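Undergrad: My questions will all concern the structure given below.
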Amino acid sequence: MRIGILGTGNLAEALGGCWVRAGHRVTVAGRSADRAAALADRLGGAARAAAPRRAVYDADAVLLAVPWGGIDDMLRDAGAVHGSLAGVTVIDPINAVEHGVGVLLTEPGASTADRIAATAPGSRVVKGFHMVPSTQWGVSGPGPTTVPLCGDDPAALAVAETLVRDTGAVPAVVGGLSRARQLDEAAGLFISLAFAGVDPRTVLPTLPPVHS
Ligand SMILES: NC(=O)c1ccc[n+]([C@@H]2O[C@H](COP(=O)([O-])OP(=O)(O)OC[C@H]3O[C@@H](n4cnc5c(N)ncnc54)[C@H](OP(=O)(O)O)[C@@H]3O)[C@@H](O)[C@H]2O)c1
């Protein structure tokens, strides 16, 4: 796939590395052309750097790897309001939470994905990749990591599922984009527990999978 990554920080590097190793053509872009070029060098393989609008051109998938406060700026730079992301799978890994507290910063009832969908007309937004710390992508642990995803477009979900598998994790589609707020909240809870010194895994009940 041709993957555009908007953002040149920790998550961009971690997921970009997995996807380059899986053989995808990754183009990274940020508000600093120098940081984008440096990241493309570190990623190696077929990775390259470009301006945001160029990075999303003809992309099969775009990862929006910026903070909550950077969504509007980055989508503007990528030309989203002019339709550059129409028909494109846009992956939203954003945790809009108060640092160290975990309280959501989105409007009541709204999600980060809602904001992206409203700012990037025609885009096929998939929420996901937000529960795993950047240091753990591509690192094999005691068992598989499950990555919850939600979105309204089946083709976009299929793209995101492939990209999850290409990291070595396992995708789990939980429903449409109306579930994105729930995924935002789940991450907020885990973040607040972690900052309170509690391993979030210890609050999870043992529930055997139910197959209907
Ligand atoms: N890191 C993780 O473990 C992790 C895990 C799950 C989800 N996430 C989510 O992934 C997103 C990225 O996290 P990260 O850890 O990669 O952050 P990061 O290392 O701080 O990188 C953030 C990137 O966003 C850019 N940026 C910030 N404000 C911007 C703006 N107003 N306009 C355009 N670009 C802007 C930064 O550019 P500059 O370099 O120019 O500042 C940088 O390239 C966040 O929403 C975070 O909640 C991260």
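Undergrad: Determine whether the stretch 80-95 contains at least one residue that is within 24 Å of L149 (Cα to Cα), in a helix (DSSP H, G or I) and open to solvent by 60 Å² or more (accessible area, probe 1.4 Å).
TA: no
Undergrad: Taking the stretch 95-126, which residues are more than 20 Å from A194 (Cβ to Cβ) and among the charged types (D, E, K, R)?
TA: Hits for the stretch 95-126 are E107, D114, R115, R124.
Undergrad: Looking at the stretch 39-55, which of its residues are assigned to a helix (DSSP H, G or I) and touching a residue at least 24 places away in the same chain (Cβ under 8 Å)?
TA: L39, R42, L43, P52, R53, R54, A55
Undergrad: Of everything in the stretch 139-167, what is within 13 Å of the ligand (Cβ to nearest atom) and more than 20 Å from L193 (Cβ to Cβ)? Give them in sequence order.
TA: Taking the stretch 139-167 and keeping what is within 13 Å of the ligand (Cβ to nearest atom), we get 139, 145, 147-148, 167.
V139, T167 - these are the residues of the stretch 139-167 that are within 13 Å of the ligand (Cβ to nearest atom) and more than 20 Å from L193 (Cβ to Cβ).
Undergrad: Let me ask you something else. Between a residue in the stretch 128-144 that is open to solvent by less than 100 Å² (accessible area, probe 1.4 Å) and any residue that is among the aromatic types (F, W, Y) and within 12 Å of the ligand (Cβ to nearest atom), which pairs come within a Cβ distance under 8 Å, given they are 6 or more apart or on different chains?
TA: Here the result reads M131/F190, each pair linking the stretch 128-144 to a residue that is among the aromatic types (F, W, Y) and within 12 Å of the ligand (Cβ to nearest atom).
Undergrad: Of the residues that make up the stretch 99-113, is at least one within 26 Å of D60 (Cα to Cα), open to solvent by 30 Å² or more (accessible area, probe 1.4 Å) and within 14 Å of the chain's Cα centre (by Cα)? Give the steps one after another, and end with the answer.
TA: Step one: list which residues in the stretch 99-113 are within 26 Å of D60 (Cα to Cα), which gives 111-113.
Still in the running and open to solvent by 30 Å² or more (accessible area, probe 1.4 Å): none.
No, because not a single residue in the stretch 99-113 is within 26 Å of D60 (Cα to Cα), open to solvent by 30 Å² or more (accessible area, probe 1.4 Å) and within 14 Å of the chain's Cα centre (by Cα).
Undergrad: Still on this structure, I have one more. Please indicate, with yes or no, whether at least one residue in the stretch 1-18 is open to solvent by 20 Å² or more (accessible area, probe 1.4 Å) and in contact with a His (Cβ under 7 Å, 6 or more places away or on another chain).
TA: So far as the stretch 1-18 goes, yes, one or more of its residues are open to solvent by 20 Å² or more (accessible area, probe 1.4 Å) and in contact with a His (Cβ under 7 Å, 6 or more places away or on another chain).
Undergrad: Can P133 be described as under 27 Å from G168 (Cα atoms) and more than 18 Å from the chain's Cα centre (by Cα)?
TA: Numbers: under 27 Å from G168 (Cα atoms): yes; more than 18 Å from the chain's Cα centre (by Cα): no.
In short, no.
Undergrad: Further, regarding this structure: If a residue must be under 25 Å from E107 (Cβ atoms) and either open to solvent by 30 Å² or more (accessible area, probe 1.4 Å) or polar (S, T, N, Q) (or both), how many such residues does the stretch 149-172 contain?
TA: Summing the residues that are under 25 Å from E107 (Cβ atoms) and either open to solvent by 30 Å² or more (accessible area, probe 1.4 Å) or polar (S, T, N, Q) (or both) in the stretch 149-172 gives 2.
Undergrad: Show the residue pairs meeting these rules: Cβ distance below 8 Å; 6+ apart or different chains; first residue within the stretch 187-210 and charged (D, E, K, R); second residue open to solvent by less than 70 Å² (accessible area, probe 1.4 Å).
TA: Here the result reads D199/L193, each pair linking the stretch 187-210 to a residue that is open to solvent by less than 70 Å² (accessible area, probe 1.4 Å).
Undergrad: Which of the residues spanning the stretch 13-38 are more than 10 Å from the ligand (Cβ to nearest atom), in contact (Cβ under 8 Å) with a residue 60 or more places away in the chain and among the aliphatic types (A, V, I, L, M)?
TA: A22
Undergrad: Further question: With the requirement that a residue be under 21 Å from G143 (Cα atoms), part of a helix (DSSP H, G or I) and either free of Cβ contacts under 8 Å to residues at least 24 places away in the same chain or in contact with a Pro (Cβ under 7 Å, 6 or more places away or on another chain) (or both), what does the stretch 161-186 give you? Walk me through it before giving the result.
TA: First pass over the stretch 161-186, keeping only residues under 21 Å from G143 (Cα atoms): 161-174, 186.
Still in the running and part of a helix (DSSP H, G or I): 161-165, 186.
Selection gives E161, V164, R165.
The values are calculated or read from the model by the stated rules, or taken from the named source; none is laboratory data. Only a predicted model underlies this, so the values are computations on that prediction, with no experimental measurement involved. Here the Cβ is made from the backbone with ideal geometry for all residues, glycine too, and neighbour counts use every protein chain on show. Note: areas computed on protein heavy atoms with side chains; ligands, DNA, RNA excluded. Shrake-Rupley method; radii C 1.70, N 1.55, O 1.52, S 1.80 Å.
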